[in-house]
Amino acid sequence: MTTHAPHTPHSAQGPHAPHSALGPQAERAQSVTLPASLDEAVAALAAMPAAVPVAGGTDLMAAVNAGLLRPAALVGLGRINEIRGWQYQDGHALLGAGLTHARMGRPDFAALIPALAAAARAAGPPQIRNAGTLGGNIASAAPTGDALPVLAALEAELVIVGPGSLGDTGCSQREIPVSHLLAGRDMLRPGELIGFVRVPLLHAPQVFLKATGRTGPGRAVASVGLVLDPARRGVRCAIGAVAPMPLRPLEAEQWVASLIDWDGDRSLAPEALEAFGEYVAAACVPDQGEQVSSAVLHLRRTVAVLARRALGRALTS
Ligand SMILES: Cc1cc2nc3c(=O)[nH]c(=O)nc-3n(C[C@H](O)[C@H](O)[C@H](O)COP(=O)(O)OP(=O)(O)OC[C@H]3O[C@@H](n4cnc5c(N)ncnc54)[C@H](O)[C@@H]3O)c2cc1C
């Protein structure tokens, strides 16, 4: 799946970096530009409509190496300092798209957005986490993207920058819910970049859990991002990897939130936890015809266990 609307094919030549920081495969592209700001990156993409942005390159260069992609030019985002950190804004954190999984996994970030930190720590082996970024994870929109169910549960918004003349910077900006991009309702247009991700700071327990097909690091078979939102007396949950985009079991969320004693110790009867897991699993892994295959039953069981455990942990943290 791609989150970009198709580019117009066009042969491109742009300013060349003296040496590519992206490796020999990248050097096969006709030009590699390494802008130092988002404005410069947007300008470079506008000047070279066939250029492809690359951040950590963990997804993009794998596609190049597999012969699936032959970008005419690359715009590297790795030198743009403004998107490598985060700042606070009106009860939210504005996360730079260039934050690596390794950076998000550190304790200071985990204190801020624990579920996103947990997802970052689970995103592949260390060399992938050192290079792979939040923006790349979102733009790739792989069903197994670990950050995605967390961002869906947090109802994060994306700050998209692109060519235009709005604002002081010469770039235009627009904001869309991450769920709209992941569902393909609002794609990245040619020349646009994910600049930032706006995430509410909920100051309440949140959990990310992932089941893989084997022990050790691996892609998710199913994952869950679950956050408590005491101010809105809400439970928000998204299931990853079981569909092309994270799924929100809205009825299950509302049902279980109505059972929680938000002013007390937030305890929940074990039967209610169990029922929540089953409710989420039935919503996210529905029957496909009269004969339910053992694979579907197994996936449903996995989702039920993940959802039950995630809520149990959130309520007892
Ligand atoms: C061996 C291996 C294991 C992996 N395991 C996991 C895993 O367990 N969990 C997981 O979630 N992921 C995993 N991944 C996938 C990958 O590491 C992540 O998706 C990573 O976050 C991608 O980020 P990147 O910066 O490397 O993206 P890139 O490869 O640089 O780019 C990916 C795509 O996003 C676009 N893009 C990048 N940044 C932007 C931006 N700011 N705005 C617009 N478009 C942009 C690029 O044009 C490209 O289309 C794995 C990958 C490998 C190779």
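I need a count of the residues in region 49-62 that are at pLDDT below 95 and over 19 Å from the mean Cα position of the chain (by Cα).
2
Scan region 266-317 for residues that are among the hydroxyl-bearing types (Ser, Thr, Tyr) and at pLDDT below 95 and jot them down.
SER267, SER293, SER294, THR316, SER317
Can you report the number of residues in region 46-60 which are more than 6 Å from the ligand (Cβ to nearest atom) and buried (at least 19 other Cβ atoms within 10 Å of the Cβ)?
3
For HIS101, work out the one condition from (1) at pLDDT below 95; (2) closer than 17 Å to ILE83 by Cα; (3) touching a helix residue (DSSP H, G or I) at 6+ places or on another chain (Cβ under 8 Å) it doesn't fulfil.
(1)
List the residue pairs whose Cβ atoms are under 7 Å apart, where the first residue sits in region 136-153 and is assigned by TED's automatic domain parsing to the domain that holds ILE113 and within 19 Å of LEU201 (Cα to Cα), the second is of a type in the set (S, T, N, Q) and more than 10 Å from the ligand (Cβ to nearest atom), and the two are 6 or more positions apart or on different chains.
ALA152/SER179
Mind checking which pairs have a first residue in region 204-220 that is closer than 22 Å to ARG313 by Cα and in contact (Cβ under 8 Å) with a residue 24 or more places away in the chain and a second that is within 12 Å of the ligand (Cβ to nearest atom) and of a type in the set (D, E, K, R), Cβ under 7 Å, 6 or more apart or different chains?
Going by the 7 Å Cβ cut-off, the qualifying pairs are LYS210/ASP146; ALA220/ASP146; ALA220/LYS210.
The values are calculated or read from the model by the stated rules, or taken from the named source; none is laboratory data. Because the structure is predicted, anything quoted here is derived from the model rather than measured. Because the Cβ atoms are built from the backbone with ideal geometry, glycine has one as well, and the counts that use them run over all protein chains shown.
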